[in-house]
Amino acid sequence: DALIIHYKDGLAEPDEHDRIDYRERDFVHAVNEDDVLLEYIQPITGRAGRNFRGEYIALREPNITHVPSFTYDENTVLVTEDDSRSLYYAKCDGYVLHNKERLSVGDELEIASADFKSTGNIHASLDKNIKISMHSEDSSIDQIGQNMVLESDELDISGSVANGATITANVVSVGGQTHKSSTIYAKEAEINIHRGYLEATRVHISRLEHGVVIADFVHVTQMMGGTIRARVIEIDVVGSHATLIASNKITIISELKGSENTFIIEPAVGLNDKDNFAQLKSEHKVLEKALLREEKSFLQKRQQLTQNKEIGERIKKQLLQDKREGRKSSSILIDKYKRYTEFLQEIKALQINMEHKKTRFNAVNDEIIAIQNSTYDAKIVNNSSWRGHNEIYFRLISPEHEERFVPKLAYEGETIVFEVVGADEYEIKVVES
């Protein structure tokens, strides 16, 4: 008999230099619903026989050494059996809990920390519905060790994230702080003190200290330096040396305490907006060149058609007359008319293709204009007073243009907007909130 462990890949494999990366120890084995976890192969009974001398070989009993002695959780594991094997299936997404006593699939994992010594890297996958929790009374402890890699659906850390660590999750919560060389990718992120690099859809940070955030929506309680790129940015208190770049709105909710800050409004600065805009620009350029090339070819072919139309119609008339009078048409005339009709189809196909390209070109152009026009609707709102030296920029990126503005100290509780005042002329204005 045999017991095959399907969910487990085993120990880390050596690389080409026969070295093993002990960080990859398969600490968590993530599975999907209906995955085969284990397979028990039933022993097969042989039959008696004879050797080449004709001597009788008695039947031996099969060796049975791997019969499963563990129980299993019927809520999370399904077992099917037949005469040859037993299969253990996962009834839900999660990770495998397996020891000598029991087999089950769980979705919540509590550990003290993730580091080289205790766990190695953890690959729990984003789509396995696994939540990993790490709780500590001391939030300054690095619960994610140096250079560790963690991936999970949800990750709740009461402590801190060490240097070089990389986290990928749908939902991330960090109760401590992130090191400046740490990296987090998430959909939703809540961080106490952030000094590293973060990409997420929605972000809440209690204190941003010279970290970098790229997102769609960001709310920061207190910002002390750093860079934020997002569609919408809300900051309760802004210190000094901060760079805020938004496409829709920047709001200082409570107080601007410091100076030497830069506020920038420009299109396409959300999490995926810049890449999407670059793709639109690239497609716009490709379509524009293709249309110019095809329009030139179409005009040439249409001119050629005009020059040969009379001949083509004359050949067609002759062929029809031959058919009516029961004469066999000349093969030369038939071949010429065939080439003429193929030329007509070629021009028609080219025209249809051009119309499809023009439709897509206009749609792409409209998208680019809509993204560009978002700058005209964007605003910067400071609910407190301006102090120190701060700079405001409104940018267009197609065509490139930038307007600079330095708010006066007298401005208080005002909204700053960008307006078109003439052909290729723009102005930054202060209006009442």
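Just a few scattered comments:
- By accessible area, using a 1.4 Å probe on protein heavy atoms only, region 326-433 has 49% of its surface on carbon and sulfur.
- Reduced Cα scattering model of region 250-339, Debye log10 I(q)/I(0), q = 0.14, 0.17 Å⁻¹: -0.78, -0.89
- Only protein heavy atoms count here; under a 1.4 Å probe, Phe116 has an accessible surface of about 110 Å².
- The listed residues Tyr7, Tyr40, once ranked by accessible area (1.4 Å probe) with the largest placed first, stand as Tyr7, Tyr40.
- Computed with a 1.4 Å probe over protein heavy atoms only, the accessible surface of region 127-201 comes to 39 Å² per residue.
- Of the listed residues Lys100, Lys91, Lys187, the order by accessible area with a 1.4 Å probe, largest first, is Lys100, Lys187, Lys91.
- Test item: Cα-centred dipole of the chain, Lys/Arg +1 and Asp/Glu -1 on Cβ, debye: 3180
- When the Cα positions of Ser259, Gly326, Leu350 are compared along the charge dipole of region 249-364, Gly326 comes out farthest toward the positive end, with charges on each C-beta of Lys, Arg, Asp and Glu.
- Protection proxy ranking, peptides 347-357, 257-267, 230-240, average beta carbon neighbours within 10 Å, highest first: 230-240, 257-267, 347-357
- Candidates per GluC sites (Glu not before Pro) in region 39-76, loop by DSSP, up to 16 other Cβ within 10 Å: Glu55, Glu74
- Multiplying the residue separation of Glu110 and Glu137 by 0.36 nm and removing their Cα-Cα distance gives an extension gain of 8.3 nm.
- Positive-end residue of Phe70, Ala90, Leu280, charge dipole of the chain with Cβ unit charges: Leu280
- Computed Kirkwood radius, in angstrom, where 1/r is averaged over Cα pairs of region 182-260: 11.9
- Given [x] 0.97; [y] 1.04; [z] 1.23, the label whose value is Rg/Rh (Cα atoms, Kirkwood Rh) derived from this model: [z]
- Accessible surface of Asp1 - all protein chains present, 1.4 Å probe, nearest 10 Å²: 40
- About the centre of its Cα atoms, region 125-204 shows a dipole size close to 220 debye [charges on the beta carbon of Lys, Arg (+1) and Asp, Glu (-1) only; nearest 20 debye].
- Per residue accessible area in Å² of region 203-334, where ligands, DNA and RNA are left out and the probe is 1.4 Å: 54
- Accessible surface of Leu78, taken over heavy atoms with a 1.4 Å probe and every protein chain present, rounds to 80 Å².
- Unsatisfied cross-links (Cα-Cα over 23 Å) in the set Lys8/Lys128; Lys281/Lys358; Lys8/Lys100; Lys180/Lys379: Lys180/Lys379
- Between Lys289, Lys281, Lys328, the Gaussian network model of the chain with springs among Cα atoms under 10 angstrom shows the greatest mean-square fluctuation at Lys328.
- Listed by chain and number, the lysines whose C-alpha is less than 24 Å from the C-alpha of Lys317, apart from same-chain residues fewer than 8 away, are Lys301, Lys309, Lys328, Lys336, Lys338, Lys348.
The values are calculated or read from the model by the stated rules, or taken from the named source; none is laboratory data. In this text the structure is predicted, and so the values were computed from the model without any measurement. So basically every Cβ, Gly included, is an ideal-geometry build from the backbone, and we count neighbours across all protein chains shown. All accessible areas refer to the heavy atoms of the entire protein, side chains included, with ligands and DNA or RNA removed. Shrake-Rupley method; radii C 1.70, N 1.55, O 1.52, S 1.80 Å.
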